[in-house]
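The values are calculated or read from the model by the stated rules, or taken from the named source; none is laboratory data. In this text the structure is predicted, and so the values were computed from the model without any measurement. Here the Cβ positions follow ideal geometry from the backbone for every residue, glycine too, while neighbour counts run over all protein chains shown. SASA here: full protein model, heavy atoms, side chains in, ligands and nucleic acids out. Shrake-Rupley method; radii C 1.70, N 1.55, O 1.52, S 1.80 Å.
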Amino acid sequence: MSSKSEEDKERLVQAAKTFFFHVQDLTSFTNKLTEMLNCHMNTQILSMVMKEDGNIKDFFEQMLKIVTEMQSVVEATKKDMHNEPLYSKIAMVLSSVFEKSTNVKELHQSAKKVFKNAHVPLIVSILSHGNVLGMLASSITFLMKLPIMNLRLSDFYRKDTKEQSDASTSEQSTSSDTPETSITDTLKKLQDALNDDNAKNPVASAADQLEQIVKSVGPALEVLKRATKTMETNISLFKKASDK
């Protein structure tokens, strides 16, 4: 078999593995975001469940539903904030304190209250800036139109494959589901799903398509990661400020 053919197979396997871990990251960061909204915005949004043997279309339908629910909450809260700006609230609290007393301790307590209630506008501001949820929803909608939606997550990569390949050679497995068999099965399923009747090299064509799919997911994932980490950092700082 030519080195080019082996190279194409390796590209397809690597693209499939990268896609699997992109989905894993999407699940993790979406759940972190859900947890923050539930904690600070009194929502009851369900967390994602990543089932490796589940249908990938069902998975992305669940994710799109969660992201759409987040969008509705953020938009409604943003509208409320516009009607009653945070800065007006802060000014009102501080003005009230100065009118009643010049006690530094009382002023400090009011400042703590401001920091304590600053989580909501912070979350709304970060998610609105850069259209985080909109980008994520668009990326999911794009993915759901692709032929790979008929596959399972485990068709892209199985975590136990590497463990199997690293097993001691002193104990020869009698199972037909060897790492080589798993990889061959993965290649076959991906190649069938991404089949192009006009392609001269089906494996190379499938690799090209899946690499483009992975590339298309990247920007939305990076924006989600950055937004989630920014919120975690700032909420932590606000908490420390309100605890002092």
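Between 29, 21, the distinction of being at pLDDT 95 or above and closer than 17 Å to residue 213 by Cβ belongs to 21 only. Out of all the residues in region 193-220, which are open to solvent by less than 10 Å² (accessible area, probe 1.4 Å) and touching an Asp or Glu at 6+ places or on another chain (Cβ under 6 Å)? Passing the criteria: only 207.
For region 74-83, the count of residues that are of a type outside the set (A, V, I, L, M) and closer than 29 Å to residue 157 by Cβ is zero. Taken together, the criteria place residue 70 among residues that are modelled with pLDDT of 80 or more and part of a helix (DSSP H, G or I). Looking at 43, 30, just one residue is surrounded by 19 or more Cβ atoms within 10 Å (Cβ to Cβ) and β-branched (Val, Ile, Thr), and that residue is 30.
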